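S.K.: Could you have a look at this structure, given as structure tokens, before my questions?
Nothing in this text is a laboratory measurement; each read-out follows from the coordinates by a stated rule. Worth saying up front: this structure is predicted, and the values here are computed from it rather than measured. Positions of Cβ are generated from backbone atoms using ideal geometry, with glycine treated the same way; all protein chains shown enter the neighbour counts.
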Amino acid sequence: MPEKPIFGKYELGKVLGCGAFAKVYHAREINSGKSVAIKVINKSNISNTNGLSDKRIEREVSIMRQLQHPYIVRLHEVLATKTKIYFVMDYVKGGELFTQIANKGRFSEDLSRKCFQQLISAVNYCHSRGIYHRDLKPENILIDENGDLKVSDFGLSATTDQIQSFDGLLHTVCGSPAYVAPEVLTIKGYDGAKTDVWSCGIILYVMIAGYFPFYDQNLMLMYKKIYKGEFRCPKWTSPDVKRILSRLLDINPETRITIEEIIKDPWFRKGLKFIKFSE
Ligand code: ADP
Ligand code: MG
């Protein structure tokens with residue numbers, strides 16, 4: 001058997017996933033035998049593709065270092081060479097929420113609610129610290145061995161410091177097409193908290209339905225659908241879920257439900273006793 005590559009105190013294993021800028025490996029801490037995940041980012045990749053250079057990476061590190069929450073992937077340490085950055089984080093065993101939805105076809109209403117509660121708990125924690133994820137989708141949400149969510153991939157997140165240097169609104173068009181809020185598609189600027197809430201709405205819809213509320217193979221037609229904001233719920237959707245979905249996927253960010261309102265919603269609160277919303 002070929003020897004596994006060693007990186008510092010870690011033995012690198014198989015590739016867990018690939019994204020636009022990074023490769024994620026399973027690894028083992030040699031001394032303790034503990035599993036970790038190591039996200040490797042090629043610096044040159046980033047600066048060559050969109051000119052964001054080290055700033056983007058520094059931002060991801062400083063954001064993730066601040067976050068300690070039961071439903072957010074924990075960052076252990078950051079290592080760097082001249083050309084690469086290594087994020088050592090918790091290994092999350094159950095893979096992506098995306099794969100679990102795909103395998104099951106769709107989630108039951110109870111399972112969707114449990115996942116949604118944990119997602120909102122994590123997002124609320126970030127927002128209360130002035131951190132907006134901006135790329136919430138089932139590929140960036142992992143499931144641990146207990147079936148609990150771990151929000152991951154803060155590669156695109158923005159902090160309020162950054163926002164304050166503008167006009168109070170964000171202007172970068174980012175995120176993944178199917179999860180992007182309508183106001184992100186305009187040049188007017190948007191509020192990171194409200195667009196994260198929109199993405200949470202798409203995620204809830206996808207869990208319940210097993211497909212997207214706004215979809216077209218043609219990107220421009222898909223954006224048109226998002227912009228219009230008309231969607232239909234599958235026939236098995238309960239009135240309570242329909243109601244909260246229509247509030248989450250409200251194309252007007254001013255009237256869209258806020259996290260504070262979500263937390264007060266009776267459908268959302270069912271069986272909530274295990275989740276703290278202290279901050
Ligand atoms: P990118 O910024 O390139 O999208 P991600 O951080 O989303 O990178 O990681 C890419 C993929 O790697 C994820 O979609 C997931 O499948 C896998 N992955 C990432 N972090 C972990 C982790 N901590 N544990 C297990 N798998 C992970
Ligand atoms: Mg990702």
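S.K.: Once you list every other residue whose beta carbon is under 10 Å from the beta carbon of ARG256, what net charge do they have if Lys and Arg are +1 and Asp and Glu are -1?
M.R.: On the way: positive: LYS194, ARG247; negative: GLU183, ASP191, ASP250, GLU254, GLU261.
Here the count lands on -3.
S.K.: Mind listing the phi-derived Karplus ³J(HN,Hα) values for segment 257-266, rounded to whole Hz, using 6.51, -1.76 and 1.60 with θ = phi - 60°, and x for any glycine or proline?
M.R.: Result, ordered by residue: 4, 9, 4, 4, 6, 4, 5, 8, 5, x Hz.
S.K.: Any chance you could run the full-extension gain for SER176 through ARG232? It's 0.36 nm times the residue separation minus the Cα-Cα distance, nm to one decimal.
M.R.: Numbers: separation 56, 0.36 × 56 = 20.16 nm, distance 2.12 nm.
Computed gain between SER176 and ARG232 is 18.0 nm.
S.K.: Name the lysines eligible as straight-distance cross-link partners of LYS242: C-alpha to C-alpha under 26 Å, and not fewer than 8 places from it in the same chain.
M.R.: Those lysines meeting the cut-off are LYS104, LYS114, LYS137, LYS150, LYS194, LYS224, LYS225, LYS228, LYS264, LYS270, LYS273, LYS276.
S.K.: Continuing with the same structure: Peptides 134-145, 210-221: what's the order by average Cβ count within 10 Å, highest mean first? Provide the component values of the computation, followed by the final result.
M.R.: Details: 134-145: 21.0, 210-221: 13.2.
Ranking the peptides 134-145, 210-221 by packing returns 134-145, 210-221.
S.K.: Once phi is turned into ³J(HN,Hα) by the Karplus curve 6.51 cos²θ - 1.76 cosθ + 1.60 with θ = phi - 60°, what whole-Hz value does each residue of segment 24-32 show in order, with x for glycine and proline?
M.R.: Working through the residues one at a time gives 10, 10, 7, 8, 10, 6, 4, 5, 8 Hz.
S.K.: Here's something else I'd like to know. Excluding LEU136 itself, what net charge comes from residues whose Cβ is under 14 Å from its Cβ, given Lys and Arg +1 and Asp and Glu -1? Walk me through the numbers on the way to the answer.
M.R.: Working: positive: ARG134, LYS137, LYS150, LYS194; negative: GLU96, ASP135, GLU139, ASP153, ASP196.
Its environment carries a net charge of -1.
S.K.: May I ask for the net charge around TYR205, where only other residues with Cβ less than 11 Å from the Cβ of TYR205 are counted and Lys, Arg are +1 while Asp, Glu are -1? All intermediate terms of the calculation are to be shown ahead of the outcome.
M.R.: Working: positive: ARG106, ARG232, LYS242; negative: none.
Surrounding charge for TYR205 is +3.
S.K.: Label-point separation (nm) for ARG129 and ILE30, each offset 7 Å from Cα along Cα-to-Cβ?
M.R.: 3.2 nm
S.K.: At what distance in angstrom do the alpha carbon centres of segment 96-124 and segment 185-219 lie from each other?
M.R.: Distance between centres, Cα-based: 15 Å.
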